[in-house]
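Q: Before I ask anything, let me first share the structure, which is written out below as C-alpha coordinates.
The values are calculated or read from the model by the stated rules, or taken from the named source; none is laboratory data. Model, not experiment: these values are computed from the prediction. Cβ: placed from backbone, ideal geometry, glycine included. Neighbour counts: every protein chain shown. Note: accessible area is taken over every heavy atom of the protein model, side chains too, but ligands, DNA and RNA are not part of it. Shrake-Rupley method; radii C 1.70, N 1.55, O 1.52, S 1.80 Å.
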Amino acid sequence: AAKDAGRDRWHLHTLDLDEAVQAEAEMRAMLEQALNDDRLTLHYQPIVSSTGEVMGVEALIRLQHSEKGLLPPAAFFSALDHPRLARPVGRFVLETALRQGAIWQEAGLSLRISVNISTRHLLDARFLDDLREAMAKYPDMPPNQLEIEITESAPLSDMAGAQLQLRICNQLGVHVALDDFGTGNASLTYLQQLHAQSIKIDQGFVRDVINDPKDLAIVAAVITASRMLGIKVIAEGVETAEHATLLTKMGCSHLQGYYFSRPLSPEAIPAWVTHFHPTPQSEDALPPMDV
Ligand code: C2E
Ligand code: MG
Ligand code: MG
Ligand code: MG
(Lines give C-alpha, C1' and ligand atoms only; values in the text may rest on other atoms or scores of the structure.)
(Ligands and ions follow the chains in the order given, each with its own letter.)
Protein backbone atom coordinates (compact mmCIF):
# COMPACT_ATOMS: atom_id res chain seq x y z
CA ALA A 1 0.00 0.00 0.00
CA ALA A 2 2.85 2.31 0.90
CA LYS A 3 4.35 1.57 -2.49
CA ASP A 4 1.08 2.44 -4.17
CA ALA A 5 0.89 5.72 -2.30
CA GLY A 6 4.43 6.49 -3.34
CA ARG A 7 3.64 5.75 -6.92
CA ASP A 8 0.57 7.96 -6.72
CA ARG A 9 2.59 10.81 -5.36
CA TRP A 10 5.15 10.41 -8.10
CA HIS A 11 2.36 10.31 -10.65
CA LEU A 12 0.91 13.49 -9.21
CA HIS A 13 4.32 15.14 -9.22
CA THR A 14 5.01 14.42 -12.88
CA LEU A 15 1.58 15.72 -13.74
CA ASP A 16 2.37 19.03 -11.97
CA LEU A 17 5.63 19.21 -13.83
CA ASP A 18 3.89 18.58 -17.13
CA GLU A 19 1.42 21.31 -16.31
CA ALA A 20 4.18 23.79 -15.51
CA VAL A 21 6.00 22.99 -18.74
CA GLN A 22 2.71 23.27 -20.60
CA ALA A 23 1.94 26.65 -18.99
CA GLU A 24 5.35 28.01 -19.95
CA ALA A 25 4.96 26.82 -23.52
CA GLU A 26 1.58 28.54 -23.67
CA MET A 27 2.98 31.82 -22.35
CA ARG A 28 5.76 31.65 -24.91
CA ALA A 29 3.35 30.97 -27.76
CA MET A 30 1.09 33.79 -26.59
CA LEU A 31 3.94 36.32 -26.42
CA GLU A 32 5.37 35.22 -29.75
CA GLN A 33 1.97 35.50 -31.42
CA ALA A 34 1.42 38.95 -29.92
CA LEU A 35 4.79 40.12 -31.22
CA ASN A 36 3.91 38.91 -34.71
CA ASP A 37 0.42 40.44 -34.60
CA ASP A 38 1.49 43.81 -33.21
CA ARG A 39 -0.52 43.30 -30.04
CA LEU A 40 2.17 44.46 -27.60
CA THR A 41 1.94 47.97 -26.19
CA LEU A 42 3.62 50.06 -23.54
CA HIS A 43 1.91 51.84 -20.71
CA TYR A 44 3.73 54.54 -18.77
CA GLN A 45 3.83 55.17 -15.04
CA PRO A 46 4.95 58.58 -13.77
CA ILE A 47 8.00 58.91 -11.52
CA VAL A 48 7.94 62.07 -9.42
CA SER A 49 10.59 63.84 -7.40
CA SER A 50 10.16 64.47 -3.71
CA THR A 51 9.98 68.18 -4.51
CA GLY A 52 6.95 67.61 -6.69
CA GLU A 53 8.21 67.56 -10.24
CA VAL A 54 7.47 64.84 -12.73
CA MET A 55 10.86 63.35 -13.47
CA GLY A 56 9.84 60.83 -16.06
CA VAL A 57 7.90 57.69 -16.74
CA GLU A 58 8.58 53.97 -16.67
CA ALA A 59 7.52 52.02 -19.75
CA LEU A 60 5.67 48.83 -18.79
CA ILE A 61 4.73 46.19 -21.33
CA ARG A 62 1.15 45.04 -21.90
CA LEU A 63 -0.29 42.34 -24.16
CA GLN A 64 -3.60 42.84 -25.91
CA HIS A 65 -5.37 39.47 -25.72
CA SER A 66 -8.38 38.78 -27.96
CA GLU A 67 -10.52 37.38 -25.14
CA LYS A 68 -8.85 38.40 -21.90
CA GLY A 69 -8.18 42.03 -22.71
CA LEU A 70 -5.01 43.86 -21.73
CA LEU A 71 -2.63 41.51 -19.88
CA PRO A 72 0.17 42.61 -17.52
CA PRO A 73 3.61 40.95 -17.66
CA ALA A 74 2.66 38.57 -14.85
CA ALA A 75 0.62 36.66 -17.45
CA PHE A 76 3.72 35.94 -19.56
CA PHE A 77 6.63 36.75 -17.26
CA SER A 78 8.85 33.70 -17.88
CA ALA A 79 8.51 34.16 -21.65
CA LEU A 80 10.11 37.64 -21.46
CA ASP A 81 13.45 36.01 -20.76
CA HIS A 82 13.14 33.19 -23.27
CA PRO A 83 16.22 32.86 -25.53
CA ARG A 84 14.14 33.38 -28.66
CA LEU A 85 11.98 36.21 -27.32
CA ALA A 86 14.11 38.38 -25.02
CA ARG A 87 15.76 40.22 -27.89
CA PRO A 88 12.69 40.80 -30.11
CA VAL A 89 10.75 42.05 -27.07
CA GLY A 90 13.64 44.31 -26.04
CA ARG A 91 13.89 45.73 -29.54
CA PHE A 92 10.15 46.41 -29.56
CA VAL A 93 10.35 48.14 -26.18
CA LEU A 94 13.34 50.33 -27.12
CA GLU A 95 11.82 51.29 -30.45
CA THR A 96 8.36 52.03 -29.03
CA ALA A 97 9.60 53.96 -26.00
CA LEU A 98 12.00 56.11 -28.04
CA ARG A 99 9.34 56.85 -30.65
CA GLN A 100 6.95 57.90 -27.88
CA GLY A 101 9.67 59.96 -26.19
CA ALA A 102 10.40 61.78 -29.46
CA ILE A 103 6.68 62.54 -29.90
CA TRP A 104 6.53 64.03 -26.39
CA GLN A 105 9.74 66.00 -26.94
CA GLU A 106 8.27 67.53 -30.08
CA ALA A 107 5.16 68.46 -28.15
CA GLY A 108 7.35 70.26 -25.60
CA LEU A 109 7.10 67.55 -22.98
CA SER A 110 10.55 66.47 -21.87
CA LEU A 111 10.20 63.21 -20.00
CA ARG A 112 12.85 60.67 -19.16
CA ILE A 113 11.69 57.21 -20.13
CA SER A 114 12.85 54.17 -18.20
CA VAL A 115 12.68 50.85 -20.02
CA ASN A 116 13.03 47.38 -18.56
CA ILE A 117 15.62 45.30 -20.36
CA SER A 118 16.03 41.60 -19.61
CA THR A 119 19.55 40.58 -18.66
CA ARG A 120 19.47 38.07 -21.49
CA HIS A 121 19.05 40.89 -24.00
CA LEU A 122 21.61 43.07 -22.22
CA LEU A 123 24.18 40.28 -22.49
CA ASP A 124 23.38 39.60 -26.16
CA ALA A 125 26.23 40.71 -28.42
CA ARG A 126 23.71 42.64 -30.53
CA PHE A 127 22.18 44.63 -27.66
CA LEU A 128 24.25 47.77 -28.24
CA ASP A 129 23.46 47.65 -31.96
CA ASP A 130 19.76 47.42 -31.09
CA LEU A 131 20.09 50.39 -28.76
CA ARG A 132 22.06 52.53 -31.23
CA GLU A 133 19.68 51.66 -34.04
CA ALA A 134 16.62 52.75 -32.05
CA MET A 135 18.38 55.93 -30.87
CA ALA A 136 19.45 56.84 -34.41
CA LYS A 137 15.88 56.42 -35.61
CA TYR A 138 14.57 58.97 -33.09
CA PRO A 139 17.19 61.73 -32.85
CA ASP A 140 14.61 64.03 -31.21
CA MET A 141 14.87 61.93 -28.08
CA PRO A 142 18.03 62.98 -26.19
CA PRO A 143 20.10 59.97 -25.01
CA ASN A 144 20.17 61.22 -21.43
CA GLN A 145 16.38 61.05 -21.38
CA LEU A 146 16.57 57.29 -21.77
CA GLU A 147 17.17 55.03 -18.79
CA ILE A 148 17.70 51.29 -18.88
CA GLU A 149 16.42 49.31 -15.91
CA ILE A 150 18.23 46.10 -15.11
CA THR A 151 16.66 43.91 -12.50
CA GLU A 152 18.72 42.92 -9.54
CA SER A 153 16.62 39.85 -8.78
CA ALA A 154 17.94 37.95 -11.79
CA PRO A 155 21.40 36.59 -11.14
CA LEU A 156 23.89 38.03 -13.55
CA SER A 157 25.51 35.12 -15.34
CA ASP A 158 28.21 37.35 -16.76
CA MET A 159 29.07 40.23 -14.46
CA ALA A 160 32.01 41.43 -16.54
CA GLY A 161 29.89 41.38 -19.68
CA ALA A 162 27.10 43.34 -18.02
CA GLN A 163 29.58 45.90 -16.69
CA LEU A 164 31.03 46.44 -20.13
CA GLN A 165 27.64 46.80 -21.83
CA LEU A 166 26.36 49.24 -19.21
CA ARG A 167 29.55 51.29 -19.32
CA ILE A 168 29.04 51.75 -23.04
CA CYS A 169 25.40 52.72 -22.38
CA ASN A 170 26.74 55.46 -20.09
CA GLN A 171 29.16 56.56 -22.79
CA LEU A 172 26.24 56.88 -25.19
CA GLY A 173 24.62 59.16 -22.60
CA VAL A 174 22.02 56.61 -21.55
CA HIS A 175 21.28 56.23 -17.84
CA VAL A 176 21.25 52.96 -15.95
CA ALA A 177 18.95 52.00 -13.08
CA LEU A 178 19.21 48.97 -10.83
CA ASP A 179 15.63 47.71 -10.45
CA ASP A 180 14.01 45.70 -7.63
CA PHE A 181 16.88 46.45 -5.27
CA GLY A 182 16.71 44.31 -2.16
CA THR A 183 15.15 41.22 -3.73
CA GLY A 184 18.34 39.49 -4.88
CA ASN A 185 21.86 39.23 -3.56
CA ALA A 186 23.21 42.45 -4.94
CA SER A 187 25.45 44.45 -2.69
CA LEU A 188 26.02 48.15 -2.79
CA THR A 189 29.21 47.58 -4.77
CA TYR A 190 26.91 46.49 -7.63
CA LEU A 191 25.79 50.09 -7.92
CA GLN A 192 29.20 51.25 -8.99
CA GLN A 193 30.21 48.12 -10.86
CA LEU A 194 27.09 48.31 -13.00
CA HIS A 195 27.50 52.05 -13.68
CA ALA A 196 24.08 52.81 -12.23
CA GLN A 197 22.80 56.39 -11.92
CA SER A 198 19.78 55.25 -9.95
CA ILE A 199 18.59 52.49 -7.73
CA LYS A 200 14.97 51.44 -7.37
CA ILE A 201 14.06 50.10 -3.97
CA ASP A 202 11.73 47.15 -4.42
CA GLN A 203 8.10 47.61 -3.50
CA GLY A 204 8.28 44.76 -1.00
CA PHE A 205 10.72 46.80 1.08
CA VAL A 206 8.79 49.99 0.57
CA ARG A 207 5.62 48.34 1.85
CA ASP A 208 7.26 47.00 5.02
CA VAL A 209 9.14 50.17 5.94
CA ILE A 210 6.18 51.37 8.02
CA ASN A 211 5.82 48.30 10.20
CA ASP A 212 9.16 46.54 10.27
CA PRO A 213 12.06 48.34 11.98
CA LYS A 214 14.55 45.96 10.37
CA ASP A 215 13.34 46.80 6.86
CA LEU A 216 13.41 50.44 7.86
CA ALA A 217 17.05 50.10 8.92
CA ILE A 218 18.03 48.40 5.67
CA VAL A 219 16.29 50.97 3.52
CA ALA A 220 17.84 53.82 5.51
CA ALA A 221 21.32 52.32 5.04
CA VAL A 222 20.78 51.85 1.31
CA ILE A 223 19.56 55.44 0.94
CA THR A 224 22.53 56.83 2.87
CA ALA A 225 25.08 54.83 0.91
CA SER A 226 23.45 55.67 -2.42
CA ARG A 227 23.41 59.37 -1.69
CA MET A 228 27.06 59.26 -0.74
CA LEU A 229 27.81 57.54 -4.04
CA GLY A 230 25.83 60.23 -5.87
CA ILE A 231 23.18 57.74 -6.91
CA LYS A 232 19.52 58.69 -7.13
CA VAL A 233 17.12 56.64 -5.01
CA ILE A 234 13.67 55.82 -6.33
CA ALA A 235 11.08 54.12 -4.13
CA GLU A 236 8.69 51.93 -6.11
CA GLY A 237 5.25 50.74 -5.10
CA VAL A 238 4.40 53.85 -3.08
CA GLU A 239 0.70 53.38 -2.38
CA THR A 240 -0.11 55.76 0.47
CA ALA A 241 0.67 59.29 1.63
CA GLU A 242 2.20 57.78 4.75
CA HIS A 243 4.76 55.86 2.67
CA ALA A 244 5.49 58.86 0.48
CA THR A 245 6.11 61.10 3.48
CA LEU A 246 8.28 58.64 5.37
CA LEU A 247 10.42 57.71 2.34
CA THR A 248 10.90 61.34 1.42
CA LYS A 249 11.97 62.15 4.99
CA MET A 250 14.41 59.26 4.80
CA GLY A 251 16.02 60.79 1.73
CA CYS A 252 14.42 59.10 -1.28
CA SER A 253 14.72 61.68 -4.03
CA HIS A 254 12.11 60.04 -6.26
CA LEU A 255 8.88 58.13 -5.81
CA GLN A 256 6.73 55.91 -8.01
CA GLY A 257 3.49 54.12 -7.22
CA TYR A 258 -0.28 53.98 -7.30
CA TYR A 259 -0.44 56.84 -4.77
CA PHE A 260 0.66 59.14 -7.59
CA SER A 261 -0.62 57.25 -10.61
CA ARG A 262 -1.21 53.81 -12.07
CA PRO A 263 0.54 53.03 -15.36
CA LEU A 264 -1.30 55.03 -18.06
CA SER A 265 -1.75 54.79 -21.81
CA PRO A 266 0.61 57.14 -23.68
CA GLU A 267 -2.36 59.31 -24.69
CA ALA A 268 -3.18 59.98 -21.03
CA ILE A 269 0.31 61.11 -20.01
CA PRO A 270 0.38 64.75 -21.22
CA ALA A 271 -2.87 65.61 -19.36
CA TRP A 272 -1.65 63.84 -16.23
CA VAL A 273 1.61 65.80 -16.25
CA THR A 274 -0.25 69.08 -16.78
CA HIS A 275 -2.69 68.46 -13.96
CA PHE A 276 -0.25 67.01 -11.45
CA HIS A 277 -0.34 69.35 -8.49
CA PRO A 278 1.86 67.86 -5.86
CA THR A 279 1.37 68.40 -2.20
CA PRO A 280 4.81 68.79 -0.66
CA GLN A 281 5.65 65.47 0.96
CA SER A 282 7.77 66.88 3.68
CA GLU A 283 9.10 70.24 4.71
CA ASP A 284 12.50 68.86 5.48
CA ALA A 285 12.73 66.96 2.21
CA LEU A 286 16.31 66.63 1.11
CA PRO A 287 17.10 68.41 -2.11
CA PRO A 288 16.89 66.14 -5.14
CA MET A 289 20.19 65.20 -6.66
CA ASP A 290 20.94 65.99 -10.24
CA VAL A 291 22.75 62.88 -11.36
P1 C2E B 1 9.09 46.54 -12.35
O2 C2E B 1 10.03 46.96 -13.42
O3 C2E B 1 9.61 46.52 -10.96
O4 C2E B 1 7.85 47.50 -12.52
C5 C2E B 1 7.06 47.93 -11.44
C6 C2E B 1 5.78 47.12 -11.33
O7 C2E B 1 5.08 47.52 -10.16
C8 C2E B 1 4.81 47.33 -12.48
O9 C2E B 1 4.08 46.13 -12.67
C10 C2E B 1 3.89 48.42 -11.91
O11 C2E B 1 2.62 48.46 -12.55
C12 C2E B 1 3.78 47.95 -10.49
N13 C2E B 1 3.44 49.03 -9.58
C14 C2E B 1 3.70 50.34 -9.69
N15 C2E B 1 3.27 51.05 -8.63
C16 C2E B 1 2.69 50.14 -7.81
C17 C2E B 1 2.03 50.26 -6.53
O18 C2E B 1 1.90 51.32 -5.94
N19 C2E B 1 1.57 49.09 -5.99
C20 C2E B 1 1.70 47.89 -6.61
N21 C2E B 1 1.21 46.82 -6.00
N22 C2E B 1 2.31 47.74 -7.81
C23 C2E B 1 2.79 48.87 -8.40
P24 C2E B 1 3.86 45.49 -14.11
O25 C2E B 1 3.62 46.56 -15.12
O26 C2E B 1 2.85 44.43 -13.95
O27 C2E B 1 5.28 44.87 -14.43
C28 C2E B 1 5.80 43.82 -13.66
C29 C2E B 1 7.23 43.54 -14.02
O30 C2E B 1 7.34 43.05 -15.36
C31 C2E B 1 8.15 44.76 -13.98
O32 C2E B 1 8.52 45.05 -12.66
C33 C2E B 1 9.29 44.29 -14.84
O34 C2E B 1 10.17 43.46 -14.10
C35 C2E B 1 8.58 43.43 -15.88
N36 C2E B 1 8.39 44.22 -17.10
C37 C2E B 1 7.50 45.19 -17.35
N38 C2E B 1 7.65 45.70 -18.58
C39 C2E B 1 8.69 45.04 -19.13
C40 C2E B 1 9.35 45.11 -20.39
O41 C2E B 1 9.03 45.94 -21.26
N42 C2E B 1 10.39 44.25 -20.61
C43 C2E B 1 10.78 43.35 -19.66
N44 C2E B 1 11.82 42.53 -19.95
N45 C2E B 1 10.19 43.26 -18.46
C46 C2E B 1 9.16 44.10 -18.19
MG1 MG C 1 11.29 48.45 -13.72
MG1 MG D 1 11.00 47.20 -9.84
MG1 MG E 1 9.27 44.51 -9.28
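Q: Find how much the distance from THR183 to HIS277 grows on full extension, using 0.36 nm per residue of separation minus their present alpha carbon separation; answer in nm with one decimal. Numbers along the way, then the final one.
A: Working: separation 94, 0.36 × 94 = 33.84 nm, distance 3.25 nm.
So the chain would gain 30.6 nm between THR183 and HIS277.
Q: Oh, and also: When the accessible area of the chain is split by element with a 1.4 Å probe, what percent falls to carbon and sulfur?
A: 54 percent
Q: Could you provide, to the nearest whole Å², the per residue accessible area of the chain with probe 1.4 Å?
A: Solvent-accessible surface per residue comes out at 50 Å².
Q: If a paramagnetic tag sat 7 Å from the Cα of ASN144 along the Cα-Cβ line, which residues of the stretch 160-178 would have the backbone N under 14 Å from that point?
A: Within reach of a label on ASN144, which here means backbone N under 14 Å from a point 7 Å along Cα→Cβ, the stretch 160-178 contributes 170-176.
Q: Hey, another quick one. Given the options ALA235, ALA23, ALA79, state which has the largest fluctuation in a GNM of the chain using a 10 Å cut-off (strictly under) for Cα springs.
A: Checking each option, the largest mean-square fluctuation is seen for ALA23.
Q: At GLU26 and GLU239, where each label point lies 7 Å from the Cα along Cα→Cβ, what is the point-to-point distance in nanometres?
A: 2.7 nm
Q: So what is the 222 nm mean residue ellipticity for the chain from helices alone, if each DSSP H run of at least 4 adds -39500 (n - 2.57) and you divide by all residues, rounding to the nearest 500 deg cm²/dmol?
A: About -14000 deg cm²/dmol.
Q: Taking every DSSP beta bridge with both residues inside the chain, roughly what % is antiparallel (nearest 5)?
A: 40 percent
Q: Tell me, in nm to one decimal, what length is gained between GLU133 and LYS214 on full extension, where the rule is 0.36 nm per residue of separation less the Cα-Cα distance?
A: Values: separation 81, 0.36 × 81 = 29.16 nm, distance 4.51 nm.
Value of the extension gain: 24.7 nm.
Q: Translational diffusion coefficient of the chain at 10 °C, 1.306 mPa s, Stokes-Einstein with Kirkwood Rh over Cα pairs, in µm²/s as a whole number.
A: Working: Rh = 20.3 Å.
It diffuses with D of about 78 µm²/s by this estimate.
Q: Please determine, in degrees from 0 to 90 and to the nearest 10, the orientation of helix 2-36 with respect to the longest principal axis defined by the Cα atoms of the chain, where the helix direction is its Cα long axis.
A: The answer is roughly 50 degrees.
Q: Dipole size in debye (nearest 20) for the chain around its Cα centre, Lys and Arg Cβ +1, Asp and Glu Cβ -1? Present the calculation step by step, with values, prior to reporting the outcome.
A: On the way: 24 positive and 38 negative charges, 83 e Å.
Here the size comes out at about 400 debye.
Q: Does anything in the stretch 171-215 have its amide N under 14 Å from the 7 Å Cα→Cβ label point of MET159, and if so which residues?
A: Hits in the stretch 171-215 for MET159 at 14 Å: 185-195.
Q: Turning to a different aspect of this structure: For ALA221 and ILE168 in one chain, what is 0.36 nm times their gap in residues minus the Cα-Cα distance, to one decimal in nm?
A: Numbers: separation 53, 0.36 × 53 = 19.08 nm, distance 2.91 nm.
Full extension from ALA221 to ILE168 adds 16.2 nm.
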